[in-house]
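Student: Quick one: the structure is below, and I'll ask about it shortly.
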Amino acid sequence: MFVFDEAHRKVHVPEDRRLVAILRRRYIIWILIFVAVPIALAWLQVFLFGSHSAPVAGITASGPNGVGRGFPVWIRWTHFANLFFLFLIMRSGISILMDHPRLYWNNNCTPGSDWLRFTPIDVPKDRMWTAKDDARYISPLIALPGYRHTPGMGRSWHFVTDYGFILVGIIYVAMLFVSGQWPRLVPTSWAIIPYAWQTFVQYATLHFPTEPNGFYAYNALQQLSYFGVVFIMAPASVLTGIAMSPAIDNAFPWYPRIFGGRQGARSIHFLLLCGYFAFTIVHVSLVFSTGALRNFNHIVLGTDDTRSLGLILGCAGLVIVFVSWIIAYVVAWKYPRFIQRLHRLLIFPLERWMRSSARFDPAERYTRDDVSPYFWANGKMPVSDEWKRLVADDFRAYRLRVSGCVGTPIDLSLAEIRSLAHDQHVSLHHCIQGWSGIAQWGGISMQRLIALVKPWPSARVVEFISYGEGTFGGVYYDTQRIEDVMKPECLLAYEMNDAALPLAHGAPLRLRVENQLGFKMVKWIREIRFVESEKLLGQGHGGVNEDQEYFDLLPYI
Ligand SMILES: Nc1nc2c(c(=O)[nH]1)N[C@H]1C(S)=C(S)[C@@H](COP(=O)(O)O)O[C@H]1N2
Ligand SMILES: [Mo]
């Protein structure tokens, strides 16, 4: 196991490691209805009409090309590759989920409005309780990279393996159609529904249906569930994943609404995880209970016999999958920079395109009525004496310095900044941890500030330096590319929901940059500097979170 230093142990291995799942009663009832009612109906049907063993089999055997090709090599390898990637994705997804262990159907994430949570803690009302305080511990046996508050590495792994999953999916579906094997999965007649029901009745009443030989065709329920996983669940996972992107949501507000908003998409994304998990359990149980040797030979060797070679090689494949989890764990903790860089490399073309295309400019038009009643606060309040003096004096002595590679450095009081401009917008905030919230922000747009200071052409990056500290100490700072701060809605905010910016939310000044994740929006800004490259700052990765926690440099997604 990996050994942490003191600071990391406090964050990643807390004393309180309780993990509970609390589902609202209403949803327990819904689940019972969804599970129990069909089972009850199945029993009722058998009780009233007796059990029928037909007609469960074989409707897939009569596809247009006739089926009977068995499992060619591409099915067998994509099956394995899919298993390999899907499990890494599920494991890293669980790490990310635990960083905000609550699921909602509303964009606001108001405590108490969660439909499911994985924490025993009710959000305290009498003291500050940040989203980071709320993160839960998860064992690295279950999640990648596991422990508490590891969303940076979790995301890098999740995204790197996403490419594998999507590529395998595209190859598989393309081959399915090219080879004419698609009638195995795609129903061609509505008759499949009553057939699938009959099959379900048999399973539900503990009668195993007569199986068609799975090498050539599936029973109706099996076909429908494979169809569902490949053609509904997998695309839905990708689409709901995209709906959690700050750049997409603030450029195309209609898109997350398809899924019931940003948190609806997140909840569905989670339910799909549950779906894959449930599918895997049922699938594996049936593989073993309906002739393990033959089934393994089908999918591993592509032969229809009962040698034991398929089972042996199949188990070796499972060992490879298992070893991949251990390797992923070691890489996450020993070589996190490698996986952070790989993620950056893979996503860079997409990010560069999103940055350069005006289509992805934040354009969200929420209204004052949409503002969230509760807005999670995050991060560590500054503790320095300098800061405390400023607060005591209500920021009258505050000066914002803007300097570096600029033609006209400036040094302004808060009153001067307020008198310069009052730009305003209502936007949906996305934290890397998974929560969101809508607020109205007022301040001076970065476009105006840039016009004032006239950066040199060599200045490519803007550094925002805070009075506060990072999770593991050191000054909290982050950077933006000039192109991004020139986009609409990028503000230095001094107001939130028409009132002076509250201390917890970054007084006297904080950045708003609506096409990116929350950690880029430095609060309690002390100073702004224009520089040539983020590589010159800190450890060179673009911000305190990027340096210490392996967050992404350009989190548009
Ligand atoms: N100085 C400083 N700024 C910070 C942080 C921090 O820890 N310190 N946290 C960031 C994160 S992770 C988020 S999600 C937003 C949260 O803003 P809020 O507290 O107003 O919700 O602030 C960002 N700015
Ligand atoms: Mo965040």
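Residues checked against (1) surrounded by 12 or more Cβ atoms within 10 Å (Cβ to Cβ); (2) in a loop (DSSP other than H, G, I, E, B); (3) more than 16 Å from ligand 1 (Cβ to nearest atom); (4) not assigned by TED's automatic domain parsing to the domain that holds R529:
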| residue | (1), (2), (3), (4) |
| --- | --- |
| D369 | no, no, yes, no |
| S372 | yes, yes, no, no |
| F375 | yes, yes, no, no |
| E386 | no, no, no, no |
| V391 | yes, no, no, no |
| A397 | yes, yes, yes, no |
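Student: Here's something else I'd like to know. Pick from segment 536-557 the residues that are within 16 Å of ligand 2 (Cβ to nearest atom) and polar (S, T, N, Q): which of them is surrounded by the most Cβ atoms within 10 Å (Cβ to Cβ)?
Tutor: N545
Student: I've got another one for you. When only residues in segment 210-231 that are assigned to a helix (DSSP H, G or I) and aromatic (F, W, Y) count, which is nearest to P187 (Cα to Cα)?
Tutor: Of everything passing the filter in segment 210-231, F227 is nearest to P187 (Cα to Cα).
Student: Examine segment 444-455 for a residue that is surrounded by fewer than 23 Cβ atoms within 10 Å (Cβ to Cβ) and within 13 Å of ligand 1 (Cβ to nearest atom), and state whether such a residue exists.
Tutor: Scanning segment 444-455 turns up no residue that is surrounded by fewer than 23 Cβ atoms within 10 Å (Cβ to Cβ) and within 13 Å of ligand 1 (Cβ to nearest atom).
Student: A follow-up question, please. Yes or no: I327 within 17 Å of T161 (Cβ to Cβ) and either part of a helix (DSSP H, G or I) or among the small types (G, A, S) (or both)? Outline the logic, then answer.
Tutor: Working: within 17 Å of T161 (Cβ to Cβ): yes; either part of a helix (DSSP H, G or I) or among the small types (G, A, S) (or both): yes.
For I327, the condition - within 17 Å of T161 (Cβ to Cβ) and either part of a helix (DSSP H, G or I) or among the small types (G, A, S) (or both) - is met.
Student: Could you please give the count of residues in segment 500-522 that are farther than 16 Å from A415 by Cα, among the basic types (K, R) and touching a Phe, Trp or Tyr at 6+ places or on another chain (Cβ under 8 Å)?
Tutor: To start, the set of residues in segment 500-522 that are farther than 16 Å from A415 by Cα comprises 502-506, 511-522.
Right, trim to among the basic types (K, R) and you get 512, 520.
In the following step, the residues that additionally are touching a Phe, Trp or Tyr at 6+ places or on another chain (Cβ under 8 Å) were identified as 512.
Residues in segment 500-522 being farther than 16 Å from A415 by Cα, among the basic types (K, R) and touching a Phe, Trp or Tyr at 6+ places or on another chain (Cβ under 8 Å): 1 in total.
Listed here are the residues, each with its yes/no results for (1) within 13 Å of ligand 1 (Cβ to nearest atom); (2) surrounded by 19 or more Cβ atoms within 10 Å (Cβ to Cβ); (3) closer than 17 Å to W376 by Cβ; (4) without any contact (Cβ under 8 Å) to a residue 12 or more places away in the chain.
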position: A439; (1), (2), (3), (4): yes, yes, yes, no
position: S458; (1), (2), (3), (4): no, no, no, no
position: Y477; (1), (2), (3), (4): yes, yes, no, no
position: D484; (1), (2), (3), (4): no, yes, no, no
position: A493; (1), (2), (3), (4): yes, yes, yes, no
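Student: Would you call R448 in the same structural domain as A377 (by TED's automatic domain parsing), basic (K, R) and within 22 Å of L536 (Cβ to Cβ)? Talk me through it step by step, then tell me what you get.
Tutor: Details: in the same structural domain as A377 (by TED's automatic domain parsing): yes; basic (K, R): yes; within 22 Å of L536 (Cβ to Cβ): no.
Considered against the rule, which asks whether it is in the same structural domain as A377 (by TED's automatic domain parsing), basic (K, R) and within 22 Å of L536 (Cβ to Cβ), R448 comes out as no.
Student: Could you go through segment 439-448 and let me know if any residue there is of a type in the set (A, V, I, L, M), farther than 25 Å from R136 by Cα, touching a helix residue (DSSP H, G or I) at 6+ places or on another chain (Cβ under 8 Å) and outside any strand (DSSP E or B).
Tutor: The answer is yes; a qualifying residue exists.
Student: What residue, among those in segment 503-529 that are in a loop (DSSP other than H, G, I, E, B) and more than 8 Å from ligand 1 (Cβ to nearest atom), is nearest to L452 (Cα to Cα)? Full working, then the answer.
Tutor: Taking segment 503-529 as the starting set, the residues that turn out to be in a loop (DSSP other than H, G, I, E, B) are 506-509, 513-517, 521-524.
Keeping just the survivors that are more than 8 Å from ligand 1 (Cβ to nearest atom) gives 507-509, 513-516.
Working: A507: 22, P508: 20, L509: 18, V513: 19, E514: 22, N515: 23, Q516: 24 Å.
Residue satisfying both the conditions and the ranking: L509.
Student: I'd like to check which helices (runs of 4 or more DSSP H) are fully inside segment 232-314 and have at least 3 residues that are over 30 Å from T210 (Cβ atoms). Outline the logic, then answer.
Tutor: On the way: elements: 234-242, 246-251, 254-257, 262-289, 292-296.
Here the list reads 234-242, 246-251, 254-257, 262-289.
For (1) of a type outside the set (A, V, I, L, M); (2) more than 16 Å from ligand 2 (Cβ to nearest atom); (3) at pLDDT below 95, each residue gets a yes or a no:
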residue	(1), (2), (3)
S466	yes, no, no
D484	yes, yes, no
D498	yes, yes, no
L501	no, yes, no
L509	no, yes, no
Q516	yes, no, no
E534	yes, yes, no
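The values are calculated or read from the model by the stated rules, or taken from the named source; none is laboratory data. Because the structure is predicted, anything quoted here is derived from the model rather than measured. Backbone-built Cβ (ideal geometry, glycine too); neighbour counts: all protein chains shown.
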